[in-house]
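Chemist: For reference, the structure I am asking about is given below.
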Amino acid sequence: MLCRRRPASQSRGQTTIRQIIAPVFLLIALLGAVILPTPVAAAGPRYFPETGHNSPEIFMSFWGAHGGQEAFGLPITEAYSQDGLTIQWFERARFERHLANKDTPFEVQLGQLGRELRAPDAPVVPLTSRPGARYFAETGHNVALFLDYWLGHGGLIRFGLPLTEEMREQNAADGQTYTIQYFERGRLEYHPEHKGTPNEVQLGLIGLERYNAIKVTDPVAAAAGVPVAQPIAASAPSATSGDTIELQMWRAINAYRASRGVPPLAYDPLVAKAAAIHVEDMTANNFLEHTGSDGSRPIDRMRRVGVKVQWASENISMECAKDPATAIKNIQAWMLAEPYASGLYNHHWNILYKGYSRIGISFGVAKNGCWVMSENFADGEPTPGSLPK
């Protein structure tokens with residue numbers, strides 16, 4: 001029977017991932033003139049029914065500001081975490097989020113797929129027979145046919161330095177042979193059949209080629225490439241539709257985090273949905289534990305409803321106060337009375353952990369008339385419809 005009030009917490013779980021990504025080196029000087037990327041305008045997350053994949057806001061902002069589908073193609077995986085990076089594969093590129101560069105123009109970078117697919121050719125001498133050709137002493141290669149495109153479509157930041165001279169190569173996509181040139185972040189292709197049109201020069205499907213090779217030996221990458229259904233269209237509780245007990249608890253937690261110098265949590269509707277499923281299970285089946293009646297863990301329940309998450313935890317509690325304000329006050333007091341220190345992984349630690357960026361809360365009424373609460377904590381980007389932090 002649920003006869004006594006008590007909080008419970010579950011510590012985070014870790015996913016171990018394997019290093020596959022070569023270090024990315026950004027040059028900040030090139031022949032005395034490099035234009036640094038400018039911060040991109042915000043764009044919301046997007047679902048692409050053509051490939052069955054979502055792309056988060058941080059990548060969609062970069063994608064939209066630097067050429068969109070024409071430049072990078074469609075996403076061919078979900079975004080996933082690997083060795084400190086958030087990465088996502090597109091048909092013509094790999095996007096990488098570098099948190100070490102958070103809030104700088106270099107937070108999102110393009111992976112050096114050209115270097116990963118092909119070893120650089122030996123340096124050559126400057127090309128004097130082609131007027132307008134440009135020699136890049138850093139790698140010892142010329143750019144002639146593709147120079148105007150390179151300069152007009154992002155240059156160093158977008159493509160990197162040349163790794164080869166112009167060459168003829170058979171295209172894996174259509175079996176035709178084209179004049180191409182490899183750069184650090186891509187392969188430019190000359191398509192004479194589109195002469196005089198914007199498609200005369202194209203960025204090769206280098207993301208698709210590299211991903212198809214990677215996924216054979218990398219189960220994390222392979223799993224990210226499985227198409228998913230469109231996200232659940234959930235809406236967060238509205239502050240204008242009534243001051244719910246969940247929103248009151250959310251604000252109380254953020255107020256405490258602020259008092260300790262910790263960033264606030266966004267209220268995420270899908271994380272809240274996972275919490276609500278567990279509260280319904282606990283009240284219907286008369287128990288108070290983190291493991292659901294079906295054997296599920298908090299992170300399992302989050303993922304079932306569409307939450308993209310690597311780290312997750314849960315606080316649960318029962319409180320027999322008659323009014324919501326007292327229930328919130330008592331639950332918060334019990335949890336914060338616990339000792340706080342790195343590595344304890346208790347309720348107090350969950351509430352203050354800086355690695356969590358979002359929360360979802362649900363309250364229900366047990367058979368004994370007491371409040372049952374689940375607080376779910378998660379990392380990652382808030383889903384559409386989340387309330388501001």
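Chemist: Right, S357: closer than 21 Å to A274 by Cα, touching a residue at least 24 places away in the same chain (Cβ under 8 Å), of a type in the set (S, T, N, Q) and open to solvent by less than 10 Å² (accessible area, probe 1.4 Å) or not?
Modeler: In short, no.
Residue-by-condition table, conditions (1) surrounded by fewer than 16 Cβ atoms within 10 Å (Cβ to Cβ); (2) at pLDDT below 90; (3) part of a loop (DSSP other than H, G, I, E, B):
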site	(1), (2), (3)
S235	yes, yes, yes
D243	yes, yes, yes
A255	yes, no, no
P264	no, no, yes
K273	no, no, no
I277	no, no, no
E280	yes, no, no
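Chemist: Among the residues of segment 86-114, count how many are of a type in the set (D, E) and more than 23 Å from P227 (Cβ to Cβ). If you could, list the steps in order and put the result at the bottom.
Modeler: Within segment 86-114, the subset of a type in the set (D, E) is 91, 96, 103, 107.
Within this subset, residues satisfying the condition of being more than 23 Å from P227 (Cβ to Cβ) are 103, 107.
Total satisfying the criteria: 2.
Chemist: Please verify whether segment 290-312 includes one or more residues that are surrounded by 23 or more Cβ atoms within 10 Å (Cβ to Cβ) and either more than 30 Å from the chain's Cα centre (by Cα) or outside the structural domain of R358 (by the TED database) (or both).
Modeler: Checked segment 290-312: no residue is surrounded by 23 or more Cβ atoms within 10 Å (Cβ to Cβ) and either more than 30 Å from the chain's Cα centre (by Cα) or outside the structural domain of R358 (by the TED database) (or both).
Chemist: Does segment 353-363 contain at least one residue that is over 25 Å from the mean Cα position of the chain (by Cα), part of a strand (DSSP E or B) and of a type outside the set (A, V, I, L, M)?
Modeler: Our first condition is that a residue be over 25 Å from the mean Cα position of the chain (by Cα); within segment 353-363, this holds for 362-363.
Applying the additional criterion that residues be part of a strand (DSSP E or B) yields 362-363.
In the following step, the residues that additionally are of a type outside the set (A, V, I, L, M) were identified as 362-363.
There is at least one residue in segment 353-363 that is over 25 Å from the mean Cα position of the chain (by Cα), part of a strand (DSSP E or B) and of a type outside the set (A, V, I, L, M).
Chemist: May I ask you to list the residues in segment 89-135 that are in a strand (DSSP E or B) and closer than 17 Å to G204 by Cα? Spell out how you get there, then give the answer.
Modeler: Just the residues of segment 89-135 that are in a strand (DSSP E or B), to begin with: 89-90, 93-98, 108-110, 134-135.
Selection gives W89, F90, A93, R94, F95, L110.
Chemist: Okay, moving on. State the number of residues belonging to segment 55-84 that are open to solvent by less than 30 Å² (accessible area, probe 1.4 Å) and assigned to a strand (DSSP E or B).
Modeler: The total comes to 4.
Chemist: Also: Out of segment 160-188, which residues are touching a His at 6+ places or on another chain (Cβ under 8 Å) and without any contact (Cβ under 8 Å) to a residue 40 or more places away in the chain?
Modeler: Our first condition is that a residue be touching a His at 6+ places or on another chain (Cβ under 8 Å); within segment 160-188, this holds for 161-165, 178.
Listed by number, the residues that qualify are P162, Y178.
Chemist: Take V143 and tell me if it is surrounded by 15 or more Cβ atoms within 10 Å (Cβ to Cβ), touching a Pro at 6+ places or on another chain (Cβ under 8 Å), farther than 17 Å from A224 by Cα and among the hydrophobic types (A, V, I, L, M, F, W, C).
Modeler: Values: surrounded by 15 or more Cβ atoms within 10 Å (Cβ to Cβ): yes; touching a Pro at 6+ places or on another chain (Cβ under 8 Å): yes; farther than 17 Å from A224 by Cα: yes; among the hydrophobic types (A, V, I, L, M, F, W, C): yes.
Yes; evaluated as a whole, the condition is true for this residue.
Chemist: Within segment 370-383, is there a residue that is in a loop (DSSP other than H, G, I, E, B) and either more than 30 Å from G44 (Cβ to Cβ) or open to solvent by less than 10 Å² (accessible area, probe 1.4 Å) (or both)?
Modeler: To start, the set of residues in segment 370-383 that are in a loop (DSSP other than H, G, I, E, B) comprises 370, 379-383.
Now narrow it down to the ones that are either more than 30 Å from G44 (Cβ to Cβ) or open to solvent by less than 10 Å² (accessible area, probe 1.4 Å) (or both): 370.
Checking segment 370-383: at least one residue is in a loop (DSSP other than H, G, I, E, B) and either more than 30 Å from G44 (Cβ to Cβ) or open to solvent by less than 10 Å² (accessible area, probe 1.4 Å) (or both).
Chemist: Shifting gears a bit: Suppose the filter is assigned by the TED database to the domain that holds V226, in contact with a Leu (Cβ under 6 Å, 6 or more places away or on another chain) and open to solvent by 20 Å² or more (accessible area, probe 1.4 Å); does R92 pass it?
Modeler: Working: assigned by the TED database to the domain that holds V226: yes; in contact with a Leu (Cβ under 6 Å, 6 or more places away or on another chain): yes; open to solvent by 20 Å² or more (accessible area, probe 1.4 Å): yes.
In short, yes.
Chemist: Also: Out of segment 163-185, which residues are open to solvent by less than 40 Å² (accessible area, probe 1.4 Å) and not in a strand (DSSP E or B)? Give the steps one after another, and end with the answer.
Modeler: Pass one, segment 163-185, residues open to solvent by less than 40 Å² (accessible area, probe 1.4 Å): 163-164, 171, 175, 178-185.
Selection gives L163, T164, N171, G175, E184, R185.
Chemist: I've got another one for you. For a quick check of your reading of the model, give me the residue pairs whose first member lies in segment 68-83 and is assigned by the TED database to the domain that holds F48, whose second is surrounded by fewer than 19 Cβ atoms within 10 Å (Cβ to Cβ) and among the acidic types (D, E), with beta-carbon atoms closer than 7 Å and at least 6 apart or on different chains.
Modeler: Qualifying pairs under 7 Å: L74/E50.
Chemist: Among the residues of segment 148-162 satisfying the criterion of being of a type in the set (A, V, I, L, M) and crowded, with 18+ Cβ neighbours inside 10 Å, which is nearest to A133 (Cα to Cα)?
Modeler: Here the residue is L161.
Chemist: Identify the residue in segment 332-354 that is modelled with pLDDT of 90 or more and touching a strand residue (DSSP E or B) at 6+ places or on another chain (Cβ under 6 Å) and, among all such residues, is surrounded by the most Cβ atoms within 10 Å (Cβ to Cβ).
Modeler: The residue in question is H347.
Chemist: For the subset of segment 120-135 comprising residues that are within 40 Å of the chain's Cα centre (by Cα) and free of Cβ contacts under 8 Å to residues at least 40 places away in the same chain, which member is least open to solvent (accessible area, probe 1.4 Å)?
Modeler: The qualifying residue least open to solvent (accessible area, probe 1.4 Å) is A133.
Chemist: Out of (1) polar (S, T, N, Q); (2) at pLDDT 95 or above; (3) open to solvent by 20 Å² or more (accessible area, probe 1.4 Å), the odd one out for N199 is which?
Modeler: Failed condition: (2).
The values are calculated or read from the model by the stated rules, or taken from the named source; none is laboratory data. Just so it is clear, the model here is predicted, and its values are computed rather than measured. Note that each Cβ is placed from the backbone with ideal geometry, even for glycine, and that neighbours are counted across all protein chains shown. In case anyone asks, the SASA skips ligands and DNA or RNA and just uses the protein heavy atoms, side chains included. Shrake-Rupley method; radii C 1.70, N 1.55, O 1.52, S 1.80 Å.
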